[in-house]
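Colleague: Have a look at this one before I ask anything.
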Amino acid sequence: GGDEAVEIRTESVTTADGTPIEVAANVGAAADLDAAVDAGADGIGLFRTEFLFLDRAEPPDEDTQYEAYREALAAFPDGRVVVRTLDVGGDKPVDYLRTPAEANPFLGERGIRRSLGVDADHFETQLRALLRAAAADSGGQLSVMLPLVATVEEVIEAREAMASVAADLDAAGEAYAIPAFGAMIETPAAALLAEELVAHVDFLSLGTNDLAQYVMAAERGNHRVAALADPRQPAVLRAIHGTVAAAEGSDAWVGVCGEMAGDPGLTALLVGLGIRELSAAPAAVPRVKRAVTEVRDTEARDLAERALSAATREDVEEAIRESRP
Ligand code: PEP
Ligand code: MG
């Protein structure tokens, strides 16, 4: 059952066989930061910066953002803090950014598409705040990641924007540092191009909420198609596997920050697929940490292999059920 008290582990965890798995928290509201610390998270695997921009009449200025990123870093002096650049548009409209009404908002101008286009000025401000926060970050734990990547050019352009911000800060004599840099894998295009993307990043983080939506062409949150927009669909698992395989032999790490990372019933499967970082809602962190400690590496790999050869979601579910000790 899910109601019993689960021990809070502030220390990092390994599988029963000693494979280290980072269990981080998703932060999508101011209150989540304390909740993440209290839950014993190793760090922040997804800082959804949208919440800094919501319920306001204008965007937060550079210093306001700088303080927010500093606060997140201070909450996890020994942990990684992965900040996602602004991911608005689609299902996340913001009045003052004049996000357009689109017939298919999930297929429209959202995420990195806006940051490299209509929101380029806001993107620059956000990058300035992030690079300044990285300078004050003694542990070197700040990482920046891009949402909704679909092309290699987007990653290259965003890197160039970061380099240009660094040059500006340099010229102005302001303290800055270059954070680790990553891309979210949440479109089929990004999963298919993972090998090419890996050459340009330090890490990949699978946004399985959007990835399931786009792989399955089934809107997330629409109960009529919920059985399709499900990470246990074999097609979604194959996209995850392809991403992990693409990063093998590189220095890039691969994590999952979609909701599936918070489901302890899927922990063994994700570890078996080669995922080494899981980022979940703070409330799910203790249960996921416990689930990690119960994973046997060989069984997890066998489970992943079986799930990858499954033809149906039902077959995947059966494999998961049968692998439980
Ligand atoms: C995702 O799509 O899985 C994700 C983590 O990003 P968001 O839920 O904020 O779109
Ligand atoms: Mg997403």
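Please treat every number below as a calculation from the coordinates, not as lab data. Bear in mind the structure is a predicted one, so any value in this text is a computation, not a measurement. Note: ideal-geometry Cβ built from the backbone for every residue, glycine included; neighbour counts use all protein chains shown.
Colleague: Please verify whether Arg114 is touching a residue at least 60 places away in the same chain (Cβ under 8 Å), within 16 Å of ligand 1 (Cβ to nearest atom) and in contact with a strand residue (DSSP E or B) (Cβ under 6 Å, 6 or more places away or on another chain), treating the condition exactly as stated.
Modeller: It is false that Arg114 is touching a residue at least 60 places away in the same chain (Cβ under 8 Å), within 16 Å of ligand 1 (Cβ to nearest atom) and in contact with a strand residue (DSSP E or B) (Cβ under 6 Å, 6 or more places away or on another chain).
Colleague: Then there is this: Would you say Asp42 is on the phi > 0 side of the Ramachandran plot and either in contact with a strand residue (DSSP E or B) (Cβ under 7 Å, 6 or more places away or on another chain) or not in a helix (DSSP H, G or I) (or both)?
Modeller: No.
Colleague: Just the residues that are in contact with an Asp or Glu (Cβ under 8 Å, 6 or more places away or on another chain) and buried (at least 17 other Cβ atoms within 10 Å of the Cβ), please, taken from the range 162-178.
Modeller: Listed by number, the residues that qualify are Val165, Tyr176.
Colleague: Give me the helices (runs of 4 or more DSSP H) completely within the range 249-322, filtered to those with at least 2 residues that are free of Cβ contacts under 8 Å to residues at least 60 places away in the same chain and in contact with a helix residue (DSSP H, G or I) (Cβ under 9 Å, 6 or more places away or on another chain), ordered by residue number.
Modeller: 267-272, 297-309
Colleague: Which ones in the range 197-214 are within 13 Å of ligand 2 (Cβ to nearest atom) and either of a type outside the set (S, T, N, Q) or more than 15 Å from Leu107 (Cα to Cα) (or both)?
Modeller: Hits for the range 197-214 are Ser205, Leu206, Gly207, Thr208, Asp210, Leu211, Ala212, Tyr214.
Colleague: If the requirement is being within 16 Å of ligand 1 (Cβ to nearest atom) and in contact with a helix residue (DSSP H, G or I) (Cβ under 9 Å, 6 or more places away or on another chain), which of these qualifies: Asp91, Asp137?
Modeller: Answer to the check: Asp91.
Colleague: Need pairs with beta-carbon distance below 8 Å; first residue part of a helix (DSSP H, G or I) and within the range 197-212, second more than 16 Å from ligand 1 (Cβ to nearest atom); sequence gap 6+ or separate chains.
Modeller: Leu197/Val152; Leu197/Val155; Leu197/Ala246; Val198/Ala246; Val198/Ala247; Val198/Ser250; Val198/Ala252
Colleague: Moving on to the next point. Pick from Glu186, Glu219: which is within 13 Å of the chain's Cα centre (by Cα) and either free of Cβ contacts under 8 Å to residues at least 24 places away in the same chain or within 13 Å of ligand 1 (Cβ to nearest atom) (or both)?
Modeller: Glu186
Colleague: Can you find, within the range 109-123, the residue that is surrounded by the fewest Cβ atoms within 10 Å (Cβ to Cβ) among those that are over 19 Å from the mean Cα position of the chain (by Cα) and aliphatic (A, V, I, L, M)?
Modeller: Among those that are over 19 Å from the mean Cα position of the chain (by Cα) and aliphatic (A, V, I, L, M), it is Ala120.
Colleague: If you don't mind, another one. Filter the range 43-60 down to residues that are away from ligand 1 (no atom under 11 Å from the Cβ) and either buried (at least 18 other Cβ atoms within 10 Å of the Cβ) or in contact (Cβ under 8 Å) with a residue 40 or more places away in the chain (or both) and give me whichever is farthest from the chain's Cα centre (by Cα).
Modeller: Ranking the qualifying residues of the range 43-60, first place goes to Arg56.
Colleague: Check Glu102 against each of (1) without any contact (Cβ under 8 Å) to a residue 60 or more places away in the chain; (2) closer than 25 Å to Ala25 by Cβ; (3) acidic (Asp, Glu) and name the one condition it does not meet.
Modeller: (2)
The rows are residues; the columns are (1) touching a Cys at 6+ places or on another chain (Cβ under 9 Å); (2) charged (D, E, K, R); (3) within 21 Å of Val149 (Cα to Cα).
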residue	(1), (2), (3)
Ala239	no, no, yes
Ala245	no, no, yes
Glu248	no, yes, yes
Trp253	no, no, yes
Cys257	no, no, yes
Arg287	no, yes, no
Ala319	no, no, no
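Colleague: Then there is this: Could you tell me whether Asp230 is outside any strand (DSSP E or B), surrounded by fewer than 16 Cβ atoms within 10 Å (Cβ to Cβ) and not aliphatic (A, V, I, L, M)?
Modeller: Considered against the rule, which asks whether it is outside any strand (DSSP E or B), surrounded by fewer than 16 Cβ atoms within 10 Å (Cβ to Cβ) and not aliphatic (A, V, I, L, M), Asp230 comes out as no.
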